[in-house]
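Accompanying notes for the structure given below.
Just so you know, all these numbers are worked out from the coordinates, no wet-lab data involved. Just so you know, these numbers come straight off a predicted model, no measurement behind them. Every residue, glycine as well, gets a Cβ built from its backbone with ideal geometry; the counts of neighbours run over all protein chains shown.
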Amino acid sequence: MGQFPITRTTTPKQKPADDALAFGKVLTDHMFLMEYNEGKGWHSPRIVPYGPLSLDPATSVLHYGQAIFDGLKAFRSEDGRIRLFRADRHAERFNRSAKIMCMPELPVDIIRQSFDALVGLEHDWVPRKPGTALYIRPTIIATDVMLGVHPAHSYLYFLILSPVGTYYKEGVKPVRILASDSHVRAVKGGTGEAKTAANYAASLAGQRDAEAAGYTQVLYLDGVQRKYLDEVGTMNIMVRIGDEVITPPLAGTILDGVTRNSALQLMRDWGLTVSERPITIDEVMQAGRDGTLREMWGTGTAAVVSPVGTLGYKGEDITINGGQTGELTQKLYDTITGIQYGRSNDPHGWTSLVPVERG
Ligand code: COI
């Protein structure tokens with residue numbers, strides 16, 4: 001597709017101070033758009049001023065949620081250069097989500113070019129303070145105007161950007177999580193593996209109840225036996241019991257997290273025993289009681305690595321590592337962010353430099 005046509009904004013926004021950044025509250029000046037129509041394929045890629053979309057109230061995504069998204073980040077290193085972290089893997093996952101949700105896939109190189117083109121144009125929006133980044137949100141929505149329930153014939157791809165600080169207002173500090181025995185996020189055969197709007201809608205009530213009970217996030221258990229760990233909030237979950245690091249396997253209900261994959265790779269590089277296997281909440285609670293539960297953390301693009309300091313289940317709270325960030329959790333955080341910000345070498349070639357648009 002080559003270069004994309006750009007219509008520049010005539011009313012650029014005031015950029016927030018890096019210190020004031022929360023997660024996803026401020027959007028940049030431009031967005032990338034592209035449509036799909038059956039028989040024609042993807043067409044009309046372009047960059048335009050950021051602004052509202054105009055949708056007919058009968059647009060199918062508004063009723064039946066045929067929508068996918070992904071999320072990755074651009075990081076500024078000390079020398080000013082901008083890097084994306086594992087953009088190919090995010091683009092591939094975006095397409096896997098598309099497949100699950102009966103939506104047309106997009107060529108990975110077009111997705112990548114859209115990231116580079118928009119981030120390159122908006123390079124001044126990539127914040128500078130350590131811990132900050134430019135969050136990249138590619139999305140596809142079904143745009144057929146019809147109330148029948150079936151896959152649409154037309155779609156809109158849009159890409160928007162948001163300068164972000166840390167995901168949790170606590171920063172990289174241990175959080176309190178509640179293993180829910182009443183709320184379920186996904187079941188096998190459903191859409192749990194896709195990054196689709198419905199999974200996040202399904203997590204809201206559990207999240208509300210966990211917050212009301214004084215916790216930060218929900219640890220979801222499997223939907224059938226309510227026994228096995230699934231996901232924590234919007235993140236994958238990992239536990240370190242004795243000399244083993246355990247994370248639930250990719251068996252259809254959880255997201256194939258890019259940070260999850262990166263953490264597993266690094267720990268295997270370091271020679272640790274890492275198991276992707278089902279693990280029950282009873283095993284984790286028992287390890288908490290007998291002192292073998294050394295660390296527990298969530299992994300995700302937004303928070304990177306988020307230590308769990310307290311785990312609640314059926315009225316019992318266990319404290320992990322004295323409520324402090326564990327050494328492996330910290331090492332993973334430091335190593336992953338070191339690669340992302342270009343401070344450490346990148347043995348697996350996970351980062352790519354963004355060509356910057358001057359003008
Ligand atoms: C992530 O960890 O990157 C997420 O999925 C969070 C996002 C939905 C805000």
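If packing is taken as the mean number of other Cβ atoms within 10 Å per residue, what is the order of 283-294, 17-28, highest first? Mind dumping the intermediate values first?
Numbers: 283-294: 16.5, 17-28: 14.7.
By packing density, highest mean first, the sequence is 283-294, 17-28.
The sum of -39500 (n - 2.57) across all DSSP H runs of n ≥ 4, divided by the residue count of the chain, sets its helix-only mean residue ellipticity at 222 nm to -7000 deg cm²/dmol.
Computed from point charges on the beta carbon alone (+1 for Lys and Arg, -1 for Asp and Glu), the dipole magnitude for the chain about its Cα centre is near 520 Debye.
Packing order of peptides 133-141, 107-115, highest average first: 133-141, 107-115 (average count of other Cβ atoms within 10 Å over each peptide's residues). Quick check: the distance between the Cα centres of region 34-106 and region 206-246, to the nearest angstrom? Taking the Cα centre of each part, region 34-106 and region 206-246 sit 28 Å apart.
The rule of thumb for compact globular proteins, 2.2 N^0.38 Å, goes into the C-alpha radius of gyration of region 1-54 1.47 times. Computed extension length for Thr273-Lys173: 33.5 nm, one decimal, from 0.36 nm per residue of separation with the Cα-Cα distance subtracted. Report D for region 175-340 in µm² per second (integer): Stokes-Einstein, Kirkwood Rh on Cα pairs, 4 °C, 1.567 mPa s. Here the translational diffusion coefficient equals 82 µm²/s. For His150 and Glu327, the FRET efficiency from 1/(1 + (r/R0)^6), where r spans their Cβ atoms and R0 equals 41 Å, is about 0.20.
Given Lys188/Lys227; Lys40/Lys99; Lys25/Lys129; Lys173/Lys314; Lys195/Lys227, which pairs have Cα atoms separated by over 20 Å? It would help to have the intermediate numbers written out before the result.
Numbers: Lys188/Lys227 14 Å; Lys40/Lys99 18 Å; Lys25/Lys129 17 Å; Lys173/Lys314 24 Å; Lys195/Lys227 23 Å.
Going by Cα-Cα distance, Lys173/Lys314; Lys195/Lys227 fall outside the 20 Å limit.
Spatially, region 1-21 and region 291-359 are offset by 29 Å when compared through their Cα centroids.
Ranking Val184, Tyr341, Ile141 by how far each Cα lies toward the positive end of the dipole of the chain (charges on Cβ) leaves Tyr341 at the top. Give the Debye-formula value of log10 I(q)/I(0) at each listed q (0.08, 0.14, 0.15 Å⁻¹), with one equal scatterer per alpha carbon of the chain, two decimals each. Once normalised to I(0) and log-transformed, intensities are -0.40, -1.22, -1.37.
The order of the peptides 76-82, 222-228, 88-94 by mean Cβ neighbours within 10 Å, most packed first, is 88-94, 222-228, 76-82. Rounded to the nearest whole Hz, the Karplus-based 3J(HN,Hα) values (6.51 cos²θ - 1.76 cosθ + 1.60, θ = phi - 60°) of region 178-185 follow the sequence 10, 6, 8, 9, 10, 10, 10, 8, with x at glycine and proline. This ranking places Asp124, Asp230 by how few other beta-carbon atoms lie within 10 Å of each, fewest first, which gives Asp124, Asp230.
Charge dipole of region 175-340 (Cα centre as origin; +1 on each Lys and Arg Cβ, -1 on each Asp and Glu Cβ, all else neutral): 240 debye, rounded to the nearest 20.
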